[in-house]
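Colleague: Below is one structure. I have some questions about it.
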Amino acid sequence: MKSYRIGRLVDETGITQDTLKFYERQGILTPYKKYSGYRYYDVPECGTIMQIRYLRQLGFSVKEILNMMENSNPGKIVDIVDQKIEDTEKKIKKTKLVQEALGNYSRLCHAVYEKPNKWIIEDCQDYYFLKHTTAANFLGEANVSKYLKSWINEFIDIHISLLIPEQKIYSENEDDCFWGFSVTEETAKMNNMVTDELIQKINLGKCLIYAYSQKPVEFSSPKIIKEPLDIVAKLGYSVAGDVLCHFVSQTTERNKDGGDLENYIIMIPIC
């Protein structure tokens, strides 16, 4: 029976020697050695190598491939393949969510970089908000940490946000506004998110949306939302709910003054 020396097999298939030796250590391949010490692979082994490569391209792990090759029960092999289909569908769903999140973040970036300190009025989605700290202090609730971990791990399109309660928009007390994380109501429903008294629903509706891009200030509510509040008043509107501010990025100002700029999207419900 014709056989291939390992070097020739590598040249013809593109599979590295290290990979072939790894498959050998896993028990998938059983080459033989001649007196020269070189590994040789016969025709059936070459067929196995091509099958392994095909299965790897389909996303199967070496462990899964070994399980399939050692299993003589066709039903078990079908189960492994069906499980791979299910896992792949989950990955595709996650990739689509990542793509949507990238699109959302891109829109935020375009807003603060192309139209800094400009505003528009439009309807906004409602959000859920998880408080983490006030502007000055960490919150004491023990369950916040539990939710924080699950939110970061489960939600892709999650925003670092500053929440300013409607009744505190003119407060000078830094503990009257809160840092935390926010997700849209749509994202929350998609992920079957559990809510309780620690997770606050933010009803936005019609909003003045302000692209804030200025030098860092203390995180007290009057200093970050003073300009958009003035615009709301000049337009003859009133604030109709809690104010939500998405942190977008911190950038360096490229001019003679230099310094950092903090960039936010501020959403003020109006009526």
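Rule-based calculations on the coordinates, nothing more; no lab input. The shown structure was predicted, so the numbers you read here are calculated from the model rather than taken from an experiment. Backbone-built Cβ (ideal geometry, glycine too); neighbour counts: all protein chains shown.
Colleague: If one computes P(r) from the Cα atoms of the range 1-123, what percent of pairs lie at distances over 26 Å? Write down the numbers at each step before the final one.
Modeller: Working: 3671 of 7503 pairs.
Looking at the range 1-123, the distances longer than 26 Å represent 49 percent of pairs.
Colleague: Based on the Cβ-Cβ distance of LYS206 and ASN153, what FRET efficiency does E = 1/(1 + (r/R0)^6) give at R0 = 41 Å, to the nearest 0.05? Write out the running numbers ahead of the final one.
Modeller: Values: r = 33 Å, r/R0 = 0.82.
Computed FRET efficiency for LYS206 and ASN153: 0.75.
Colleague: My understanding is that a pair violates if its Cα-Cα distance is over 26 Å; which of LYS96/LYS226; LYS189/LYS215; LYS90/LYS149; LYS201/LYS234; LYS63/LYS149; LYS63/LYS96 do that in this structure? Please report the intermediate quantities before stating the final value.
Modeller: On the way: LYS96/LYS226 38 Å; LYS189/LYS215 36 Å; LYS90/LYS149 21 Å; LYS201/LYS234 28 Å; LYS63/LYS149 30 Å; LYS63/LYS96 28 Å.
Violating the 26 Å Cα-Cα cut-off are LYS96/LYS226; LYS189/LYS215; LYS201/LYS234; LYS63/LYS149; LYS63/LYS96.
Colleague: May I ask for the Kirkwood hydrodynamic radius of the chain, worked out over all distinct Cα pairs and given in angstroms to one decimal? Display every interim value, and only then the final one.
Modeller: On the way: mean 1/r = 0.0429 Å⁻¹.
About 23.3 Å for the chain.
Colleague: Suppose R0 equals 30 Å. What FRET efficiency, 1/(1 + (r/R0)^6) with r the Cβ-Cβ distance, do LYS226 and HIS110 give to the nearest 0.05?
Modeller: On the way: r = 24 Å, r/R0 = 0.81.
So, using R0 = 30 Å, E works out to roughly 0.80.
Colleague: Run the dipole for the chain about the Cα centre, Lys and Arg Cβ at +1, Asp and Glu Cβ at -1, nothing else charged, and hand back the magnitude in debye, nearest 20. Each step should come with its number before you reach the end.
Modeller: Working: 34 positive and 38 negative charges, 322 e Å.
Dipole size: approximately 1540 debye.
Colleague: Which value, in Å³ per residue, describes the convex hull spanned by the Cα atoms of the range 3-70?
Modeller: Dividing the Cα hull volume of the range 3-70 by its residue count gives 82 Å³.
Colleague: Tell me which aspartates and glutamates have Cα within less than 19 Å of LYS93's Cα, excluding those fewer than 8 residues away on the same chain?
Modeller: Those aspartates and glutamates meeting the cut-off are ASP82, GLU154, ASP157, GLU185, GLU186.
Colleague: Further question on the same structure: Taking H placed 1.01 Å from N in the peptide plane, check which residues at least 5 places from LEU208 or on another chain put their amide H under 5 Å from its amide H.
Modeller: Under 5 Å from the amide H of LEU208 lie the amide H atoms of ILE268, ILE270, each far enough along the sequence or on another chain.
Colleague: Here's a follow-up. Quick check: the angle from helix 74-114's long axis to the longest principal axis of the chain, C-alpha only, nearest 10 degrees?
Modeller: The angle comes out near 30 degrees.
Colleague: By a straight-distance test (C-alpha under 16 Å), which lysines pair with LYS33 as possible cross-link partners, with residues fewer than eight away in the same chain excluded?
Modeller: Straight-line reach from LYS33, under 16 Å: LYS2, LYS21.
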